[in-house]
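Only one structure is covered here, and it is reproduced in the block below.
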Amino acid sequence: MSGFIEPIVGRYVHVEIGGEINRIYFEENGSGIPLVCLHTAGSDARQWRHLLADDEFTRHFRVIAFDMPWHGKSNPPDSQYGTEYRLTTASYTATIRAFCNALKLERPVVMGCSIGGRIVLNLAIEYAREFRALIGLEAADFQQPWYDTAWLNRPDVHGGEVCAALVSGLIAPGGPEASRNETLWGYKQGGPGIFKGDLYFYRVDGDLRGRIRNIDVNQCPLYLLTGEYDFSCTPEDTLRTAAGIPGARATVMERLGHFPMSENPEQFRRYIAPVLQDILNKQNS
Amino acid sequence: MESEHVHQGDGQPVLFTPDAVIAAFTAIPDLLARDVALTARGRWLDVDCLLGPSTQPFHVAIRAGQIVDMTSAPVLMRSWRFAYRATPAALAAYWQKMPPAGWHDLLALTKRGHATLEGDLHPFMTHLQYFKDLLALPRQNGFGGAS
């Protein structure tokens, strides 16, 4: 309907990360338990727009999604232009904690997808007490690489086209065409070298094998959900990871791939609704 | 006729015959010629490559996004810049209207070891979505595979 205004509100918050103020763009809707959503590598928080606009979820959750520095509408920090962007386990963890502190969120739930799913595991290892629950989508402690990231940022290959084409196969076939196109559009719009820089965390710095055994779900419940068509973080990767964490709950999502919240929001809703309800039940018990 | 099975992780088979896979692959130039949008996306692409079933690959000459020649390999002393070859079983699964998980993308097949990518990959990577869509063209007709 022409003229319809969505309930999502976008603002900027100034967040000190690594000694420098970052102007972070975030969108939010709803009230209740803070639910902070982390986008995938090389994309931005628009991936969460369906969850942000969900009437039922936003009755009980304050859903918040922010663009990581260098992504979407969050520019690089002033001092970093001209440098090679590289996300690390430490910088990613610091960014999430700084954002939550800047908004004064009290023990938020954090849900991340892909690199966001991986960092959720690190939050569970190092800072479980700060969070009410953690949800990792397409998350594993490690997964086998399937292409050379050098192709993502070189002057003789169009970065937007190659990034989108690489990840296009991670979307489950048969989903809504518009949602598929919108998911890939995010990849076509990323800054030069940003997807590659995110994957430094994913491929090089963020191997959590051997560390997940330190996760205690009694301090903070952990939910892992992975799409059956994700051949980057396969269901086997997630199930193997979950098997090493007593009490972690793992679900394989049918007809979904690596971008469940944006590639097929309706199908994803069937899987995330019971997780959010479980968190609510724990809150109320 | 000889018949083989493709097994998904959960064991569901895709029936095919090697001849049906080759027949489906040789239909690609005609399917591309009817796909104006895909041809247009390849308008900057000129390349000689080796594509198709690993058991019977084809030399494919592409000019301005159009396949101008496709000849079954080997051809004496014919060179190519890159090769993408997949097992007939992998192509049969890839061409399903709803391919089984893990069999639905060219690079999923290489990760699984059911396809190989060799040579100078630059033209392949500059036109990655083009090649994914080109090699998926038989999917639009619903590959039956067992005929």
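The values are calculated or read from the model by the stated rules, or taken from the named source; none is laboratory data. Note that this is a predicted model, so its numbers are computed, not measured. Cβ: placed from backbone, ideal geometry, glycine included. Neighbour counts: every protein chain shown.
Side notes on the structure shown:
- Any hit, the stretch A:242-260, residues being part of a strand (DSSP E or B) and within 14 Å of another protein chain (Cβ to nearest Cβ): yes
- Residue within the stretch A:208-216 that is assigned to a loop (DSSP other than H, G, I, E, B), of a type in the set (Lys, Arg) and more than 16 Å from the chain's Cα centre (by Cα) present: yes
- Number of positions in the stretch B:1-43 that are part of a loop (DSSP other than H, G, I, E, B), modelled with pLDDT of 95 or more and small (Gly, Ala, Ser): 2
- Filtering A:TYR223, A:TYR202 for residues that are in contact with a helix residue (DSSP H, G or I) (Cβ under 8 Å, 6 or more places away or on another chain), touching a residue at least 60 places away in the same chain (Cβ under 8 Å) and in a helix (DSSP H, G or I) leaves a single hit, A:TYR202.
- Out of B:ALA27, B:ALA93, one residue alone is crowded, with 21+ Cβ neighbours inside 10 Å and in contact with a helix residue (DSSP H, G or I) (Cβ under 9 Å, 6 or more places away or on another chain). It is B:ALA93.
- Subset of the stretch A:61-86 [more than 27 Å from A:ILE279 (Cβ to Cβ) and either out of contact with any strand residue (DSSP E or B) (no Cβ under 6 Å at 6 or more places or on another chain) or not in a loop (DSSP other than H, G, I, E, B) (or both)]: A:TRP70, A:ASN75, A:PRO76, A:ASP78, A:SER79, A:GLN80, A:TYR81, A:GLY82, A:THR83, A:GLU84, A:TYR85, A:ARG86
- Matching residues, the stretch A:1-22, being aliphatic (A, V, I, L, M), surrounded by 14 or more Cβ atoms within 10 Å (Cβ to Cβ) and not in a strand (DSSP E or B): A:ILE8
- None of B:THR71, B:THR87 is surrounded by fewer than 19 Cβ atoms within 10 Å (Cβ to Cβ) and among the hydroxyl-bearing types (Ser, Thr, Tyr) except B:THR71.
- Checking each residue in the stretch B:78-133 for being among the β-branched types (Val, Ile, Thr) and at the interface with another protein chain (Cβ under 9 Å from one of its Cβ atoms) picks out B:THR110, B:THR126.
- Scope the stretch A:46-60; condition crowded, with 19+ Cβ neighbours inside 10 Å and either touching a Lys or Arg at 6+ places or on another chain (Cβ under 6 Å) or part of a helix (DSSP H, G or I) (or both); matching residues: A:ARG46, A:GLN47, A:TRP48, A:LEU51, A:LEU52, A:PHE57, A:THR58
- Single match in A:ILE119, A:ILE96, A:ILE171, A:ILE135 (criterion: buried (at least 22 other Cβ atoms within 10 Å of the Cβ), of a type outside the set (S, T, N, Q), in contact (Cβ under 8 Å) with a residue 12 or more places away in the chain and assigned to a loop (DSSP other than H, G, I, E, B)): A:ILE171
- Taking every residue in the stretch A:139-168 that is more than 9 Å from every other protein chain (Cβ to nearest Cβ) and pairing it with any residue that is of a type in the set (A, V, I, L, M, F, W, C) and not in a helix (DSSP H, G or I), at least 6 positions away or on another chain, the pairs with Cβ-Cβ distances below 7 Å are A:ALA139/A:LEU224; A:ALA139/A:CYS233; A:ALA140/A:CYS233; A:ASP141/A:LEU208; A:PHE142/A:LEU208; A:GLN143/A:CYS233.
- Across the stretch A:99-116, the qualifying residues are those that are outside any helix (DSSP H, G or I) and within 15 Å of the chain's Cα centre (by Cα), and the one among them that is surrounded by the fewest Cβ atoms within 10 Å (Cβ to Cβ) is A:PRO108.
- Residues within the stretch A:201-231 that are within 14 Å of chain B (Cβ to nearest Cβ) and crowded, with 24+ Cβ neighbours inside 10 Å, tallied: 5
- Among the residues of the stretch A:174-186, those identified as more than 8 Å from chain B (Cβ to nearest Cβ) and in a loop (DSSP other than H, G, I, E, B) are A:GLY175, A:PRO176.
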